[in-house]
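Take a look at the structure set out below.
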Amino acid sequence: MEESDAEDELTSFLDDVDKEIITEAPPEAWYQPKAGDVLEVEVERCRSEGGEDRKLHKWTLGSPAPVTIPGLDVDRCVRTMRCGETAFLRSKKEVKAAATLRLLSLERNEDILGDGRLMRRTLREGRGWKTPKAPCEVLLRFSWQALASGDKIPETGQAAKEVAMSIKNGSCTGSADWIPGIYGLRVLTDLRVGQRCLVQLSSELLSGSPIERPPGSGPLEYDIELLQIFTFEDISLDRSEKIMKKVTREGDGYSKPVEGATVKLRIQVDGAEREISAEAASGRFCAALEEAVLSMKKHEICEVRCSDPEACRDEELAFGPGLLVVFLLELLDFEELDVFSSAENQRVEYCSRRKEVGSFFFQKSSWRQALKRYQVVTSNLGYLHSWKNEASKAQAMSLRKACHLNIAACWLKLEEWLEASKACDAVLTDEPHNVKALFRRGQSLKELKEFREAEKCFRKVLAVQADNKEATRMLVQLRQMVKSEVEQQKEMFSRMARGIADTENEATELPPGNDKPLEAETRSSLPDSNSSQLEVKDDALEEEEDDGTLTLMGISALLACAA
């Protein structure tokens with residue numbers, strides 16, 4: 001049913017019935033029954049002559065309800081309820097009727113593929129809002145059994161077992177007898193933790209599956225329960241997936257530590273456990289630990305896997321050499337820092353400390369760690385127009401400019417030329433003749449092969465500092481590059497001109513053994529009645545020749561300009 005149709009149905013229902021919710025459904029019971037679902041409802045009827053009639057009924061929604069209350073459509077009533085809800089309903093029609101309904105259980109039926117080949121019946125709803133999203137890992141308890149004519153075949157299948165399944169790259173792997181191919185992923189995609197369901201696969205979907213089934217068996221039925229979801233996050237600064245964080249226990253709330261906040265951690269490496277207290281992103285520990293802490297919530301537990309030797313080198317934590325370093329981390333507590341709400345002078349002090357940490361990483365050639373620290377400063381000092389303390393404002397502007405220049409230097413080291421140019425532009429907007437910004441922008445434009453613009457930058461540097469030897473050297477290099485580029489263009493235009501000239505010669509070349517031009521021979525072989533059409537064709541040919549001449553003239557002009 002479409003959303004608009006459902007709203008119309010609800011409006012029509014409320015026009016006919018008064019509904020009073022006595023007991024709310026639990027928060028995780030978000031689903032309302034639809035046709036095909038199997039319901040278990042306790043119906044307590046209020047009789048006009050007094051007394052109550054209470055009975056338990058179970059039926060498939062959409063088929064005739066086993067209970068009839070004059071003036072009250074029980075089928076429509078339960079469609080407005082959620083599992084666990086108790087409601088009192090009274091008819092507004094002439095035939096006065098009332099009843100109390102309790103929706104005790106709900107088995108939700110879904111046709112996942114829409115063609116009956118993959119059916120799922122939810123026996124128990126899950127809790128929370130989280131569903132498996134790649135990349136992640138899920139812990140399942142499942143069993144399966146072969147069916148024949150809708151009945152289970154004795155002594156077949158697999159007893160219930162718990163398996164950790166990996167979801168990534170459009171597949172779900174981890175057990176040979178799991179639902180094959182993309183269909184196993186389709187079954188899990190919208191499940192919630194604690195949800196239990198029965199899944200039936202047609203024989204058609206089992207082709208190529210390693211599962212051995214008895215002869216004559218039909219579909220398979222899986223009994224699946226989702227026990228836990230472990231999310232994965234790429235916390236490597238270059239998004240190379242060399243540092244992956246797997247959340248094994250969700251944290252509290254939404255807050256995470258900011259850089260410079262004091263954090264209290266419990267870390268476990270190779271079975272050894274210890275508690276440490278440190279300043280977040282201070283450079284005391286390896287990049288794998290420090291970046292993981294910034295992504296955690298209070299009381300969160302995660303497993304960090306690092307395959308980058310440089311990012312997990314740590315003498316204090318005694319991380320040994322190896323292709324993969326794995327450690328468990330729990331964020332016990334952290335200091336709440338609200339930088340944006342702090343006083344102007346305190347914000348300047350905070351950003352000064354962050355810049356110092358960035359410079360520490362820069363000296364260690366940890367360009368990306370340095371870059372992130374500098375970006376924290378420019379983010380915190382982005383808008384200074386409303387600052388009232390002029391001294392703090394001047395310090396903040398100077399600090400922001402220095403960090404933009406350092407960001408450009410980091411991008412140059414990482415060979416991200418366009419990003420380096422953007423960082424320089426942020427400085428040149430306020431200070432058009434800043435020598436460092438002009439020089440670094442010239443460097444980035446040179447690598448982007450924008451030689452003319454790069455030359456302008458270095459000339460501006462020399463206009464401010466005439467004795468700048470590096471700018472002079474860059475100009476010499478640029479002139480050589482421009483000269484080489486001009487030579488390449490001349491060669492390209494020359495080849496174009498030769499190609500067009502050859503094409504024109506081929507078009508006017510006479511056929512062998514014939515003294516007449518091709519056009520004259522063609523004209524003499526055609527009837528006189530087509531003479532008007534031939535004249536049109538001749539005119540078109542002359543226009544093509546004129547176009548070719550113009551093209552040659554244009555290339556000649558280009559060659560003259562290049563010379």
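The values are calculated or read from the model by the stated rules, or taken from the named source; none is laboratory data. Values in this document were obtained by computation on a predicted structure and should not be read as measured data. For neighbour counting, all protein chains shown are included, and Cβ atoms are generated from backbone atoms with ideal geometry for every residue, glycine included. What goes into the accessible areas is simple: the full protein's heavy atoms, side chains included, and nothing from ligands, DNA or RNA. Shrake-Rupley method; radii C 1.70, N 1.55, O 1.52, S 1.80 Å.
Assorted remarks:
- Residue pairs meeting the criteria (Cβ under 6 Å; at least 6 apart or on separate chains; first at positive phi, in the stretch 154-178; second in a strand (DSSP E or B) and at pLDDT 90 or above): GLY157/TRP144; GLY174/VAL163; GLY174/ALA164; GLY174/MET165; GLY174/SER166
- Contacts under 7 angstrom Cβ, first residue in the stretch 234-246 being closer than 15 Å to PHE327 by Cα and touching a residue at least 40 places away in the same chain (Cβ under 8 Å), partner among the acidic types (Asp, Glu) and open to solvent by less than 60 Å² (accessible area, probe 1.4 Å), 6 or more apart: ILE235/GLU291; LYS242/ASP308; ILE243/GLU291; ILE243/ASP308; MET244/ASP234; LYS246/GLU137; LYS246/GLU303
- Looking only at the stretch 459-495, and only at residues there that are of a type in the set (Gly, Ala, Ser) and modelled with pLDDT under 90, the one that is most open to solvent (accessible area, probe 1.4 Å): SER484
- Those helices (runs of 4 or more DSSP H) of the stretch 316-431 in which 3 or more residues are without any contact (Cβ under 8 Å) to a residue 12 or more places away in the chain occupy 344-363, 390-413.
- Screening the stretch 282-298 for residues that are over 26 Å from the mean Cα position of the chain (by Cα) and in contact (Cβ under 8 Å) with a residue 40 or more places away in the chain and picking the one that is most open to solvent (accessible area, probe 1.4 Å) gives SER282.
- LEU317 more than 21 Å from the chain's Cα centre (by Cα) and under 30 Å from GLU125 (Cβ atoms): no
- Scanning the stretch 79-115 for residues that are open to solvent by 40 Å² or more (accessible area, probe 1.4 Å), farther than 20 Å from GLU28 by Cα and of a type outside the set (Lys, Arg) returns PHE88, GLU94, VAL95, ASP111, LEU113, GLY114, ASP115.
- SER365 being of a type in the set (Gly, Ala, Ser) and either open to solvent by 60 Å² or more (accessible area, probe 1.4 Å) or in contact with a Gly (Cβ under 8 Å, 6 or more places away or on another chain) (or both): yes
- Within the stretch 198-219, tally of residues that are of a type in the set (A, V, I, L, M, F, W, C) and open to solvent by 20 Å² or more (accessible area, probe 1.4 Å): 2
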